[in-house]
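**Student:** One structure, pasted below without further comment.
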Amino acid sequence: MTQFTDSENNLENKQDTAPDRAQAFFTKPLVVCIGAIICCILWGSAFPCVKIGYNLFSVDTTHVPSIILFAGLRFTLAGLLVIIFGCIQQKRFLIPKKQNWWRVLLVCCFQAVAQYIFFYIGLANVSGVKGSVLNGLGVFFTILIACFVFRTEKFNLVKLAGCILGFGGVILINLGGDFSFEFTLMGEGFVILSGLSAAVAAGLVKVFSKYEDTTALCGWQFFIGGLALIAVGAGFGGHVMPIGAGAYFMLLYLALISSVAFTLQGYIVKYNPISKFAVYKSTNPLFGAVFSAIILGESDQLLSYYTIIAIILVCLGIFIINKFGERRKKI
């Protein structure tokens with residue numbers, strides 16, 4: 001009886017120390033830095049790769065259901081990859097607790113559904129360079145929502161100044177070379193709404209990770225959201241036609257972007273203030289603009305003075321917020 005009790009205690013101790021080891025690992029400055037940069041490189045490459053994916057799958061970018069169907073294929077696969085990884089890692093079938101399914105579905109609504117419906121439709125109507133800079137607004141939305149919605153951080157004048165710089169960059173990129181303000185709801189507007197949805201999702205993941213395994217939360221929200229997008233896209237007449245093996249490799253890479261980056265972000269924000277992660281996301285618009293310039297041949301737009309200044313303003317605003325404005329509220 002004593003031996004059995006001792007075995008139970010040892011098992012409980014091992015289970016208790018697992019979160020401690022994860023927290024010790026993911027709070028290391030070097031781990032946060034490398035992990036965040038990997039996320040930003042992956043997210044940055046998504047802008048041109050989605051556009052290439054449209055061509056490889058013969059997606060009619062003027063037909064919204066086809067865009068949604070393509071997004072659904074990507075995120076269903078992303079969810080499967082995360083779930084399979086979690087099963088192998090934890091040596092069990094990875095499924096959320098019964099009482100946490102509503103949390104999975106709520107994250108799914110903002111992350112896999114709302115964010116990427118806005119993202120895919122918006123990106124079909126703007127350049128990759130412009131889309132990457134506009135998407136940088138998501139960092140500011142993340143901080144504002146953390147301050148005023150989830151109340152995990154305090155807002156101050158330093159953060160206000162950083163937000164003004166960032167919004168200034170977004171306005172500048174919209175002015176264009178001829179300084180004619182160009183803004184459409186289905187283009188620039190949807191890219192901005194995508195960033196807002198992502199910010200809400202990041203806050204929800206940070207809160208819900210206290211109650212549910214982060215890998216399960218991320219994997220199942222992608223999988224369910226992907227199936228929902230496929231149903232909506234196909235139901236309204238969406239159509240995709242892959243061209244060659246390259247189309248499938250691109251779909252796999254796009255799925256890996258979502259599965260790796262979002263899951264890694266989930267673990268980082270679980271154990272750190274959201275703003276600590278956001279400081280590294282200042283490189284996200286830069287990576288996106290550079291990858292778009294290289295892969296899509298948009299170097300003229302990247303090298304124009306208004307785009308360079310816009311990128312600098314966005315990155316400077318995010319840096320100021322996180323370097324001088326982080327006063328986290330203890331909870």
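Taken together, the values in this text are just the output of simple stated rules run on the coordinates, not laboratory data. For clarity, every value in this text was computed on a predicted model and none was experimentally measured. No Cβ is skipped: glycine too gets one built from the backbone with ideal geometry, and neighbour counts run over all protein chains shown.
**Student:** Efficiency by 1/(1 + (r/R0)^6): what FRET value for Y305 and D60, r their Cβ-Cβ distance, R0 = 41 Å, to the nearest 0.05? Intermediate results must be reported in sequence, preceding the final value.
**Tutor:** Values: r = 35 Å, r/R0 = 0.85.
My answer for the efficiency is 0.75.
**Student:** Any idea how far apart W101 and A234 come out in nm if each label point goes 7 Å out from Cα toward Cβ?
**Tutor:** Once both label points are built, they end up 2.2 nm from each other.
**Student:** For a quick protection proxy, order the peptides 205-211, 264-270, 237-243 by their average other-Cβ count within 10 Å, most packed first.
**Tutor:** Numbers: 205-211: 17.6, 264-270: 22.3, 237-243: 14.9.
Peptide ranking by packing, descending: 264-270, 205-211, 237-243.
**Student:** If r is the Cβ-Cβ distance from L227 to K28 and R0 is 51 Å, what FRET efficiency results, to the nearest 0.05?
**Tutor:** Details: r = 36 Å, r/R0 = 0.71.
My answer for the efficiency is 0.90.
**Student:** Next question. Find the Rg to Rh ratio for the range 45-94, where Rh is the Kirkwood radius over alpha-carbon pairs and Rg uses the same atoms. Show your work: numbers first, answer last.
**Tutor:** Values: Rg = 14.5 Å, Rh = 12.4 Å.
Over the Cα atoms of the range 45-94, Rg/Rh equals 1.17.
**Student:** If packing is taken as the average number of other Cβ atoms within 10 Å across a peptide's residues, how do 182-189, 212-219 rank, most packed first? All intermediate terms of the calculation are to be shown ahead of the outcome.
**Tutor:** On the way: 182-189: 14.9, 212-219: 23.6.
Ranked by mean Cβ neighbours within 10 Å, highest first: 212-219, 182-189.
**Student:** Alpha carbons only, please: Rg and Dmax for the range 225-277, in angstrom.
**Tutor:** Rg then Dmax for the range 225-277, in Å: 16.0, 44.
**Student:** Which entries in the list K51/K159; K97/K270; K130/K281; K98/K154 go over 22 Å, if you measure between the two C-alpha atoms of each?
**Tutor:** Correct reply: K51/K159; K98/K154.
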